[in-house]
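Worksheet: one structure, shown below.
None of the figures in this text is laboratory data; all of them are computed from the coordinates on show. Since we're looking at a predicted model, the values are computed, not measured. Please note: Cβ atoms are built from the backbone with ideal geometry, for glycine as well, and neighbour counts cover all protein chains shown.
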Amino acid sequence: MISSQTVRAAMMQVRAESRINFLTPSFLAIISGPLVLIFIISIVMGDMSYDGIFESAGAYSLAGLIGVAGTMSAFQVMSEMQQERTEGTLLRLRMLPAGATSWVVGKTITSFAYLLVTGALSITGSMIFFPDLRPESPVGYLALVLLLLASFLAFFPFGIMAGTLVRNTWGMLIAMVVFMVVYAGAGTMIPMDWYPDWVQWLVAATPFYWVAHLGRWALLPAEAGVAEITGSFEPLLGVVILGIWAIIGYAAAPKLLRSSLNRETVGGFQATREKIATRGYA
């Protein structure tokens, strides 16, 4: 049971992070990032087609990218944990009663709010450049909101887990490269039947593929499902697999977070600050 004190601490964190995310120049990055990506895809892929799958390669790719929008919450929380480690925030959490709990609650709220804003911008921009992606009924819009929620729940705990393991700038760079390779290659933008069979089933084991699969299911006509591993859209199977990944993540993340906070020490924080002062990065 979460105490009222923990809730108050979490809401204070939400207010502070919301001011940073939405009331500072960084908000321009939130707005411009998805729109620039959509514009580039419309220019590069707008006239391309995937024969027998969908007449617009750009629309096909964007449908998958909208599905995986929630994966950015994992990258966001991982990056913020590294920054807060160098600033001493995580060290202070260790010293506060229920500090980890209030931090997780607050981070969950702010990260999902961030996702809703970027997701709404991505969906709106995609519909402007590719009108065929517009849902045919209000149920379709509800499906998109639920998709963002499912994507967030599946990936957010893994962002926390990655943040407990990444403890310096080089680790962050390696994690970014791995993340982007998997993000781009896990069936988000390219039809799966372009891959060899063994690669298809390897990719199908990841949650990246299934959130992209659900994005295409929500936005593309049923015949586009022929390019999927299953030969058609399988939304129920996708939800079940994402649920399994979410259960695994939420079972493991709290243990790793507590262990990581126990490793935060004054001496370690001072050493990190000295590295930053000496060479400019941790």
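Which shape class, rounded, prolate or oblate, goes with the stretch 70-139 when its Cα gyration tensor gives a ≥ b ≥ c as root eigenvalues, a/c under 1.5 marks rounded, and past that a/b bigger than b/c marks prolate? Judged from the Cα gyration tensor, the stretch 70-139 comes out prolate (a/c at least 1.5, a/b above b/c).
Taking the chain as a Gaussian network of alpha-carbon nodes connected by springs under 10 Å, the highest mean-square fluctuation of the residues GLU264, GLU80, GLU136 belongs to GLU136. Note on MET95/VAL199: beta-carbon distance plugged into 1/(1 + (r/R0)^6) with R0 of 41 Å gives a FRET efficiency of 0.30. What is the distance in Å between the Cα centres of the stretch 235-266 and the stretch 197-232? A separation of 24 Å, based on Cα centres.
Computed over all pairs of different Cα atoms, the Kirkwood value for the hydrodynamic radius of the chain is 20.0 Å.
Each residue of the stretch 161-169 was assigned a 3J(HN,Hα) from its phi angle through the Karplus expression (A = 6.51, B = -1.76, C = 1.60, θ = phi - 60°), giving 4, 5, x, 6, 8, 7, 10, 7, 5 Hz with x at Gly and Pro. Report the FRET efficiency, 1/(1 + (r/R0)^6), for TRP170 and SER4, where r is their Cβ-Cβ distance and R0 is 45 Å, rounded to 0.05. So the FRET efficiency works out to roughly 0.60.
Each residue of the stretch 103-117 is assigned a 3J(HN,Hα), and the resulting list reads 5, 5, 4, x, 5, 4, 5, 5, 5, 6, 4, 4, 5, 4, 5 Hz, derived from the Karplus form 6.51 cos²θ - 1.76 cosθ + 1.60 (θ = phi - 60°), x at Gly and Pro. 3J(HN,Hα) along the stretch 62-78: 5, 4, x, 5, 4, x, 8, 4, x, 5, 5, 5, 5, 5, 4, 5, 4 Hz, from the Karplus curve 6.51 cos²θ - 1.76 cosθ + 1.60 with θ = phi - 60°, whole Hz, x for Gly and Pro. Is the shape of the stretch 128-204 best called rounded, prolate or oblate, per the rule: a/c under 1.5 gives rounded, else a/b larger than b/c gives prolate, else oblate, with a ≥ b ≥ c the square roots of the Cα gyration tensor eigenvalues? Cα axes put the stretch 128-204 in the oblate bin.
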